[in-house]
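Okay, structure first, notes after.
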Amino acid sequence: MGYCQKLFQYFHYFYTMLFSEVIGQNALKAQLIHEVVADKISHAQLFVGKAGHGTLPLALAFIQFIMCENKQESDSCGSCPSCIKNQKQQHPDVHFSFPTVQAISKTASPMLNDWREQLAESVYFDLNTWIKKTDDKERKPIISVHESQEIIKKLSLRSYEGGYKIMVIWQPEEMNVSCANKLLKIIEEPPARTLFILVAESHEKMLQTILSRAQTVVVPRLNIDEIASFLGEQKQIGREFAESIAARSEGDLIEAIEIAGDSNEKNENYLLFTHLMRVCYKKNVLDMMDWGDSISSRSKEGQKEFLKYALHMFRQSILRNYTEDHLTRVSKDEDGFLGNFSKFITGNNIQDFFKSFNDAHYYLERNANSRILFTNLCFQVMRFIHAA
């Protein structure tokens, strides 16, 4: 079963966009409700945080509350005509913009059915999930200048229902420079009763001129109890194991679901990691080159997921060595591997491992040649292992 299908299995009940259905984030919910009640809604807001923290569901619940015709004290009613339209992602005054593979579609509008289908499956999803859903070749999507023209065109029209017009831009960090520059003026001075809701995982790649025009809403990681409660209620996982998964996920609900589900992708990362460490320990140059070729065939998002997984395994190795295994959060297979491997991760080389794998992630983001990058990483790992 694929990653999207697994998320659908566990999140299929998320059809509405009530605040009560957003996991955790109670302080932010109260803050957003107060903005609406006090009529002090910023014309441009940037919700920033990992997708598994709930950035998109929180933004969608906020929008539904703004548009609700029968607001309750702490939530939208969920049953008025406006709420029903928002639940189906078909409100005529709520528009969506998101990254697309340019060879498939240069703008978001032709892919709205895919977007609605994804939201019906789960409002907790990340860019990697979206890529896999919309492109068999798993090419990198962007928000291009063609999309900025569509955004300006849509917002130049009158509100269909006489209230707010809202433009949701998901993953605005994927805008190219031409798109971002074209939107600067309308974000700074939007038409009357027009709101921009930007939902990002990181603002590092966004233009400062865009950031300066939006009020930032930092969506923090979920706490262990919130994730553990979800896993217990929705997946019938025992409390102790659920807390272990929650601690390992570092506040990311999507990551917790993936760990709990023992997905194929996670197993592939485990196999890639163990193979890399073994060939590097043996100093088998031909096998190291083959490993670099193998991972180069993965999508960029898949490569980045591997690097994050490797960093997790290095952290678990250090915890195993220095806390007598009391704080490690690994599966049975991973635990068996770390029993022999962790002794090669010490204070002498852990910082080198962290730096090399974080640097690799950084350069992948900037379109480095993956074959050269991972081949070089192999030789670095070989040196570090033998420096323990």
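Of all residues in segment 118-146, count the ones that are surrounded by fewer than 19 Cβ atoms within 10 Å (Cβ to Cβ), modelled with pLDDT under 90 and in a helix (DSSP H, G or I).
Residues in segment 118-146 being surrounded by fewer than 19 Cβ atoms within 10 Å (Cβ to Cβ), modelled with pLDDT under 90 and in a helix (DSSP H, G or I): 1 in total.
Looking only at segment 219-241, count every residue that is aromatic (F, W, Y) and in contact (Cβ under 8 Å) with a residue 12 or more places away in the chain and tell me the total. Quick ask: steps written out before the conclusion?
Of the residues in segment 219-241, the ones aromatic (F, W, Y) are 230, 241.
Filter again for in contact (Cβ under 8 Å) with a residue 12 or more places away in the chain, leaving 230.
Of the residues in that region, 1 qualify.
Taking the stated definitions as given, is E174 surrounded by 19 or more Cβ atoms within 10 Å (Cβ to Cβ) and among the acidic types (D, E)?
On the way: surrounded by 19 or more Cβ atoms within 10 Å (Cβ to Cβ): yes; among the acidic types (D, E): yes.
So E174 passes the test.
Just to be sure, is Y160 touching an Asp or Glu at 6+ places or on another chain (Cβ under 6 Å) and aromatic (F, W, Y)? Spell out the reasoning first.
On the way: touching an Asp or Glu at 6+ places or on another chain (Cβ under 6 Å): yes; aromatic (F, W, Y): yes.
Yes, satisfied.
This table checks each residue for (1) buried (at least 16 other Cβ atoms within 10 Å of the Cβ); (2) more than 29 Å from H203 (Cα to Cα).
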{"position": "R221", "(1), (2)": "yes, no"}
{"position": "D225", "(1), (2)": "no, no"}
{"position": "I237", "(1), (2)": "yes, yes"}
{"position": "E250", "(1), (2)": "yes, no"}
{"position": "L253", "(1), (2)": "yes, no"}
{"position": "L271", "(1), (2)": "no, yes"}
{"position": "Q303", "(1), (2)": "yes, no"}
{"position": "L307", "(1), (2)": "yes, no"}
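Can you tell me which residues in segment 173-205 are over 23 Å from G163 (Cβ atoms), in contact (Cβ under 8 Å) with a residue 60 or more places away in the chain and either assigned to a helix (DSSP H, G or I) or hydrophobic (A, V, I, L, M, F, W, C) (or both)? Outline the logic, then answer.
If we filter segment 173-205 for residues that are over 23 Å from G163 (Cβ atoms), which is where we start, we get 173-182, 184-185, 200-205.
The next check asks that each one be in contact (Cβ under 8 Å) with a residue 60 or more places away in the chain; those that pass are 174, 200-203, 205.
E174, A200 - these are the residues of segment 173-205 that are over 23 Å from G163 (Cβ atoms), in contact (Cβ under 8 Å) with a residue 60 or more places away in the chain and either assigned to a helix (DSSP H, G or I) or hydrophobic (A, V, I, L, M, F, W, C) (or both).
Would you pick out the residues in segment 189-210 that are at pLDDT 90 or above and out of contact with any Phe, Trp or Tyr (no Cβ under 6 Å at 6 or more places or on another chain)?
Filtering segment 189-210 for residues at pLDDT 90 or above gives 189-201.
Of everything in segment 189-210, those that are at pLDDT 90 or above and out of contact with any Phe, Trp or Tyr (no Cβ under 6 Å at 6 or more places or on another chain) turn out to be E189, P190, P191, A192, T194, F196, I197, L198, A200, E201.
Against the definition (in a helix (DSSP H, G or I), surrounded by 19 or more Cβ atoms within 10 Å (Cβ to Cβ) and at pLDDT 90 or above), how does K6 come out, yes or no? Quick ask: steps written out before the conclusion?
On the way: in a helix (DSSP H, G or I): yes; surrounded by 19 or more Cβ atoms within 10 Å (Cβ to Cβ): yes; at pLDDT 90 or above: no.
Answer is no for this residue.
I'm checking my understanding of the structure. Among residues of segment 95-117 that are of a type outside the set (A, V, I, L, M, F, W, C) and either free of Cβ contacts under 8 Å to residues at least 12 places away in the same chain or assigned to a helix (DSSP H, G or I) (or both), which one is surrounded by the fewest Cβ atoms within 10 Å (Cβ to Cβ)? If you could, list the steps in order and put the result at the bottom.
First pass over segment 95-117, keeping only residues of a type outside the set (A, V, I, L, M, F, W, C): 95, 97, 99-100, 102, 105-107, 109-110, 113-114, 116-117.
Next, from what is left, pick out any that are either free of Cβ contacts under 8 Å to residues at least 12 places away in the same chain or assigned to a helix (DSSP H, G or I) (or both): 105, 109-110, 113-114, 116-117.
Values: S105: 16, S109: 15, P110: 11, N113: 9, D114: 17, R116: 14, E117: 14.
The residue in question is N113.
When you check H53 against the structure, is it of a type outside the set (G, A, S), in contact with a Pro (Cβ under 9 Å, 6 or more places away or on another chain), surrounded by fewer than 23 Cβ atoms within 10 Å (Cβ to Cβ) and touching a residue at least 40 places away in the same chain (Cβ under 8 Å), yes or no?
On the way: of a type outside the set (G, A, S): yes; in contact with a Pro (Cβ under 9 Å, 6 or more places away or on another chain): yes; surrounded by fewer than 23 Cβ atoms within 10 Å (Cβ to Cβ): no; touching a residue at least 40 places away in the same chain (Cβ under 8 Å): yes.
No; evaluated as a whole, the condition is false for this residue.
Residues checked against (1) small (G, A, S); (2) surrounded by fewer than 16 Cβ atoms within 10 Å (Cβ to Cβ):
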{"residue": "V218", "(1), (2)": "no, yes"}
{"residue": "Q234", "(1), (2)": "no, yes"}
{"residue": "I245", "(1), (2)": "no, no"}
{"residue": "E258", "(1), (2)": "no, no"}
{"residue": "G292", "(1), (2)": "yes, no"}
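The values are calculated or read from the model by the stated rules, or taken from the named source; none is laboratory data. Nothing here was measured: the structure is a model prediction, and the numbers come from that model. Positions of Cβ are backbone-derived with ideal geometry, glycine not excepted, and every protein chain shown enters the neighbour counts.
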